[in-house]
Ligand code: ARG
């Protein structure tokens with residue numbers, strides 16, 4: 001097969017080099033974007049009179065034909081043609097001859113591949129934001145269904161203060177909101193047309209970059225041709241936003257693993273989203289949550305891989321940059337499948353309300369309420385903390401709970417304590433009274449919920 005760049009070579013490329021350098025086995029994923037970009041480019045070349053209009057029309061017609069062949073799986077990709085760009089261009093020339101040879105006028109694969117990657121990531125970013133919204137909706141629905149459930153809130157994985165389960169779930173809604181904002185923000189820098197930068201220095205031909213940007217739906221045009229072909233920041237931003245999002249998926253997964261254990265007994269994942277053991281008949285394992293947690297590692301790895309590829313590259317394009325593909329594609333796949341499966345799984349989770357509520361008051365989780373009660377009665381917080389700490393120690397040595405103490409016992413620690421202390425020590429009351437902005441009180445949580453219902457539609 002004749003190479004589009006074969007002119008200055010005397011010898012044939014070695015077979016091992018062909019397999020070492022090819023990217024068609026994986027960058028064929030960019031076919032749709034490559035064709036879309038080539039169509040816009042050809043139309044601009046025709047419009048500017050750089051190539052005859054009828055050649056441009058012929059190119060466009062044939063590119064569409066190639067596109068539908070690829071879509072239906074009838075197109076034969078050739079590894080000796082290296083990548084998606086040369087595969088499509090060679091097919092074009094093989095079919096329409098002279099006119100096809102004009103497509104690559106005023107263009108290089110360097111600006112072409114940057115364009116394809118940007119078009120691809122724009123599409124995937126929109127899809128990922130949508131998947132995140134779906135997941136947020138699933139979290140909001142679960143929060144709404146469980147609005148009355150009080151559970152132990154944790155710090156250091158030690159029982160800390162009672163909270164509403166809905167409040168805990170809404171914490172994840174916040175995280176995914178920030179993730180969406182990160183992806184949306186990255187769009188500003190992604191949504192920039194690199195085509196028209198040529199190999200690195202621009203072109204002598206009278207191209208119209210604004211027309212190409214309009215045709216492809218880009219809101220900006222790159223300002224420096226050297227930067228445009230050297231830049232993979234947009235891919236790195238995508239990978240870092242994806243890494244942070246996966247970290248959130250992973251933390252939630254970790255909680256689901258913990259919560260579905262007998263030790264916690266807070267949640268039951270439905271049979272459809274769990275797997276069994278080949279030896280232990282009783283097992284029901286939270287593999288989906290575990291794999292979501294586990295796959296986070298490769299997404300981080302993908303970010304590190306591309307950062308490392310880019311760190312030593314002199315300007316402008318270097319072939320090393322072809323190594324952006326695997327990390328980006330793998331991250332797209334891992335994040336999108338992870339988000340879809342966890343969203344589905346979430347709608348089938350049963351929370352064990354009784355168990356959560358029963359444990360919410362254990363472990364002296366209302367000790368802070370006792371201290372704040374004393375503050376309301378006029379004691380300085382540091383002192384109140386000390387008194388409540390003494391009460392806890394008293395309970396520990398006698399194997400008692402805060403709520404099981406008598407008023408007399410409590411008053412022996414401070415005369416400020418009255419009968420109304422018992423409602424302060426009740427976990428449900430504790431939750432109700434944490435009504436500070438963003439706090440766990442049902443009034444606050446309901447407000448947060450209704451805001452999200454509006455935002456998420
Ligand atoms: N397959 C290449 C890549 O992904 C396309 C650009 C090749 N450019 C070149 N000058 N060899 O980066």
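Could you list all residues from the stretch 430-443 that are free of Cβ contacts under 8 Å to residues at least 60 places away in the same chain and assigned to a helix (DSSP H, G or I)?
Of everything in the stretch 430-443, those that are free of Cβ contacts under 8 Å to residues at least 60 places away in the same chain and assigned to a helix (DSSP H, G or I) turn out to be 432, 443.
Quick check on the stretch 301-312: of everything there that is closer than 24 Å to residue 82 by Cα and in contact with a helix residue (DSSP H, G or I) (Cβ under 6 Å, 6 or more places away or on another chain), which residue is nearest to the ligand (Cβ to nearest atom)?
Per the stated criteria, the residue is 309.
Which one of 199, 171 is within 16 Å of the ligand (Cβ to nearest atom) and either assigned to a helix (DSSP H, G or I) or under 27 Å from residue 236 (Cα atoms) (or both)? Break it down into steps so the answer makes sense when it comes.
On the way: 171 fails: within 16 Å of the ligand (Cβ to nearest atom).
Answer to the selection: 199.
Restricting the first residue to the stretch 98-121 and requiring it to be farther than 15 Å from residue 35 by Cα, which pairs with a second residue that is within 12 Å of the ligand (Cβ to nearest atom) and assigned to a helix (DSSP H, G or I) meet a Cβ separation below 8 Å and a spacing of at least six or different chains?
Sorted first by the residue in the stretch 98-121, then by its partner, the pairs are 110/229; 121/235; 121/328.
Report, by residue number, each residue of the stretch 370-385 that is closer than 15 Å to residue 415 by Cβ and surrounded by 15 or more Cβ atoms within 10 Å (Cβ to Cβ).
Selection gives 370, 373, 374, 377, 379, 384.
Across the stretch 40-96, what is the number of residues that are assigned to a loop (DSSP other than H, G, I, E, B) and away from the ligand (no atom under 16 Å from the Cβ)? First the steps, then the outcome.
Residues of the stretch 40-96 assigned to a loop (DSSP other than H, G, I, E, B): 48-52, 72-78, 82-83.
In the following step, the residues that additionally are away from the ligand (no atom under 16 Å from the Cβ) were identified as 48-52, 72-76.
Qualifying residue count, the stretch 40-96: 10.
Six or more apart or on different chains, Cβ under 7 Å: which pairs go from a residue in the stretch 155-167 that's touching a residue at least 40 places away in the same chain (Cβ under 8 Å) to one that's in a strand (DSSP E or B) and surrounded by fewer than 24 Cβ atoms within 10 Å (Cβ to Cβ)? Could you list them?
Taking only residues 6 or more apart or on different chains, the pairs are 159/152; 160/153; 160/154; 161/153; 162/152; 162/153; 163/153; 165/351.
Just to verify a result, which residue in the stretch 239-269, among those that are part of a helix (DSSP H, G or I) and either in contact with a strand residue (DSSP E or B) (Cβ under 8 Å, 6 or more places away or on another chain) or modelled with pLDDT under 95 (or both), is nearest to residue 163 (Cα to Cα)?
Of the stretch 239-269, the ones part of a helix (DSSP H, G or I) are 239-259.
When the remaining residues are screened for being either in contact with a strand residue (DSSP E or B) (Cβ under 8 Å, 6 or more places away or on another chain) or modelled with pLDDT under 95 (or both), the result is 256, 259.
On the way: 256: 17, 259: 15 Å.
It comes out as 259.
Determine the pairs where a residue that is part of a loop (DSSP other than H, G, I, E, B), located within the stretch 12-24, has a partner that is modelled with pLDDT of 85 or more with Cβ atoms under 6 Å apart, the partner being 6 or more residues away or on another chain.
22/79; 22/82; 23/83; 23/322
Quick check, is residue 110 within 16 Å of the ligand (Cβ to nearest atom), over 30 Å from the mean Cα position of the chain (by Cα) and in a helix (DSSP H, G or I)? Give the steps one after another, and end with the answer.
Numbers: within 16 Å of the ligand (Cβ to nearest atom): yes; over 30 Å from the mean Cα position of the chain (by Cα): no; in a helix (DSSP H, G or I): yes.
When the stated conditions are applied, residue 110 does not pass them.
Examine the stretch 202-221 for a residue that is under 30 Å from residue 337 (Cβ atoms) and within 16 Å of the ligand (Cβ to nearest atom), and state whether such a residue exists.
The answer is no; no qualifying residue exists.
Name, by its number, the condition in (1) surrounded by fewer than 18 Cβ atoms within 10 Å (Cβ to Cβ); (2) closer than 30 Å to residue 48 by Cα that does not hold for residue 233.
Status for residue 233: all satisfied but (2).
Here is a list: 285, 318. Which entry is surrounded by 12 or more Cβ atoms within 10 Å (Cβ to Cβ) and within 16 Å of the ligand (Cβ to nearest atom)?
Details: 285 fails: within 16 Å of the ligand (Cβ to nearest atom).
Criteria check complete, one pass: 318.
The values are calculated or read from the model by the stated rules, or taken from the named source; none is laboratory data. Quantities reported herein were computed from a predicted structural model and do not represent experimental measurements. Positions of Cβ are backbone-derived with ideal geometry, glycine not excepted, and every protein chain shown enters the neighbour counts.
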